[in-house]
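The values are calculated or read from the model by the stated rules, or taken from the named source; none is laboratory data. Just so it is clear, the structure is predicted and the values come from calculations on it, not from any experiment. Cβ placement follows ideal geometry from the backbone for every residue including glycine, while neighbour counts extend to all protein chains displayed. Please note that ligands, DNA and RNA were not included when accessible areas were found on the heavy atoms of the full protein model with its side chains. Shrake-Rupley method; radii C 1.70, N 1.55, O 1.52, S 1.80 Å.
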Amino acid sequence: MANPSQLGFQDASSPIMEELVEFHDHALMVALAICSLVLYLLALMLMEKLSSNTVDAQEVELIWTILPAIVLILLALPSLQILYMMDELDEPDLTLKAIGHQWYWTYEYTDFKDLTFDSYMTPTTELPPGHFRLLEVDHRLVIPMESPIRIIVTADDVLHSWAIPTLGVKTDAIPGRLNQTSFITTRPGIFYGQCSEICGANHSYMPIVVESTPLTHFENWSSMLSS
């Protein structure tokens, strides 16, 4: 999760988030180059007198027409690559369903029989030592690491949003509609998120906690809950 003095993104825990961070840095460098060029030209115009040959030169017009096209291509190609990576999974290893309520989440493991539970925020008075206030829940969403996961998101009452920044996942939960997203965790760990829609008075009190574990641990956990 994020540190109090952190300025950048959280450490990526999925291939999609790694690509998003890399694209962010790439776009930032392009923007920095454009700003540097514009500032240089502004300073040059203030310090020197432009001749009529410079103002009317067709070569200059050709350059400032081609350069923006090149910049757009440099931004569009990696963006399209990420869009294709975020496309629907054909054969996920696990399918989950997240239902947003005011103000908690219900999770259904559709590949298992009767494996459903509600996830409420842990009250501050009941919070164990070392756990995070307003981010910990009573039942975490446990998933196997390095496995393609498909999650179907909807809501029971108002608009919600299922978001995990370190996984690069953010999907709106809309009543009467099923939205779908997918991700793969690259390492074991506990990843925190929150509802990202203003869904009412307790909007900031419906956190999301995903626990990525090895496959054997997940199988033991699921068999224990299913029995």
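Filtered by the rule that a residue be of a type in the set (D, E, K, R) and either out of contact with any helix residue (DSSP H, G or I) (no Cβ under 9 Å at 6 or more places or on another chain) or not assigned by the TED database to the domain that holds PHE191 (or both), the range 121-164 gives GLU126, GLU136, ARG140, ARG150, ASP156, ASP157. Among the residues making up the range 93-102, a single one is assigned to a loop (DSSP other than H, G, I, E, B) and within 21 Å of the chain's Cα centre (by Cα): ASP93. Note on the range 71-92: among residues that are part of a loop (DSSP other than H, G, I, E, B) and touching a residue at least 40 places away in the same chain (Cβ under 8 Å), the one that is most open to solvent (accessible area, probe 1.4 Å) is GLU91. Listed conditions (1) touching a residue at least 24 places away in the same chain (Cβ under 8 Å); (2) open to solvent by 50 Å² or more (accessible area, probe 1.4 Å) are all met by ILE152, apart from (2). Checked against the criterion of being within 21 Å of ILE152 (Cα to Cα), at pLDDT 90 or above and surrounded by fewer than 17 Cβ atoms within 10 Å (Cβ to Cβ), the candidates THR186, THR213 yield just one match: THR186. Looking for something among the polar types (S, T, N, Q) and within 18 Å of the chain's Cα centre (by Cα) - is there at least one such residue anywhere in the range 206-213? There is at least one residue in the range 206-213 that is among the polar types (S, T, N, Q) and within 18 Å of the chain's Cα centre (by Cα). The strands (runs of 3 or more DSSP E) found wholly in the range 166-223 and carrying at least 3 residues that are within 22 Å of THR122 (Cβ to Cβ) occupy 189-194, 207-213. Could you please let me know if LYS113 is within 25 Å of SER222 (Cβ to Cβ), open to solvent by 40 Å² or more (accessible area, probe 1.4 Å) and basic (Lys, Arg)? Criteria met by LYS113.
Taking every residue in the range 113-140 that is at pLDDT below 90 and outside any loop (DSSP other than H, G, I, E, B) and pairing it with any residue that is open to solvent by 70 Å² or more (accessible area, probe 1.4 Å) and not acidic (Asp, Glu), at least 6 positions away or on another chain, the pairs with Cβ-Cβ distances below 9 Å are THR124/ARG133.
Kindly evaluate GLY168 against the criterion of being surrounded by 19 or more Cβ atoms within 10 Å (Cβ to Cβ), assigned by the TED database to the domain that holds GLY100 and on the phi > 0 side of the Ramachandran plot. Answer is yes for this residue.
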